[in-house]
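These notes concern the structure reproduced below.
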Amino acid sequence: MFEKIFNIQDGDVLIGISFPRYSSNTLQAFQYAHSNNAKTIAITDSFSLPLIKYADSVLLAQSDMISFIDGLVTPLSLGNSLIIAVGLRKKAKISAIFQKLEYIWKEYRIYENFKTKRERND
């Protein structure tokens, strides 16, 4: 992980997602980002984690384990909402990126040109 964030600095933001079983890597990344004056946002289910000490902002998302599988629907929905919010603020830039990607995908035949039955009937 440190190979990916070693350049983190003031003006950057690190979003850490930490749910049971809490990974020590997320805490270490937050400590490192904090020491480099980057902003940190924690998405977690508890204010009592050591991670919170290094978080500039905390988004609490309940994820009670009610079966043998951890329920992460709430945290994933929160993450999806954050992506949409950023996307709406950067709409023009993202639109330009996707126009270029669409060109590349078509030019290099990255995806099949397949139409569903419904699309063929339209």
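Do you know which of the residues in the range 49-62 that are more than 18 Å from Leu78 (Cβ to Cβ) and loosely packed, with under 15 Cβ neighbours inside 10 Å is modelled with the lowest pLDDT?
Residues of the range 49-62 that are more than 18 Å from Leu78 (Cβ to Cβ), as a first pass: 50, 53-54.
Subset that is loosely packed, with under 15 Cβ neighbours inside 10 Å: 50, 53.
On the way: Pro50: 92, Lys53: 95.
Out of the qualifying residues, it is Pro50.
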Original post:
Within the range 8-19, can you find the residues that are surrounded by 13 or more Cβ atoms within 10 Å (Cβ to Cβ) and out of contact with any Leu (no Cβ under 7 Å at 6 or more places or on another chain)?
Top reply: Asp12, Leu14, Ile15, Ile17
Original post:
Within the range 20-48, which residues are exposed (fewer than 15 other Cβ atoms within 10 Å of the Cβ) and in contact with a strand residue (DSSP E or B) (Cβ under 8 Å, 6 or more places away or on another chain)?
Top reply: Phe47
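Considering only residues of the range 80-122 that are of a type in the set (Lys, Arg) and farther than 30 Å from Ile43 by Cα, which is most open to solvent (accessible area, probe 1.4 Å)?
The initial filter retains those residues of the range 80-122 that are of a type in the set (Lys, Arg), namely 89-91, 93, 100, 106, 109, 115, 117-118, 120.
Add one more test, that the residue is farther than 30 Å from Ile43 by Cα, and what stays is 100, 106, 109, 115, 117-118, 120.
Values: Lys100: 136, Lys106: 168, Arg109: 202, Lys115: 113, Lys117: 144, Arg118: 181, Arg120: 144 Å².
Ranking the candidates gives Arg109 first.
The values are calculated or read from the model by the stated rules, or taken from the named source; none is laboratory data. As the structure is a computational prediction, the values presented were derived from the model and not from experiment. Note that we place each Cβ from the backbone using ideal geometry, even for glycine, and neighbour counts take in every protein chain shown. Ligands, DNA and RNA are stripped out before the accessible areas are found, and what is left, the full protein with its side chains, is counted by its heavy atoms. Shrake-Rupley method; radii C 1.70, N 1.55, O 1.52, S 1.80 Å.
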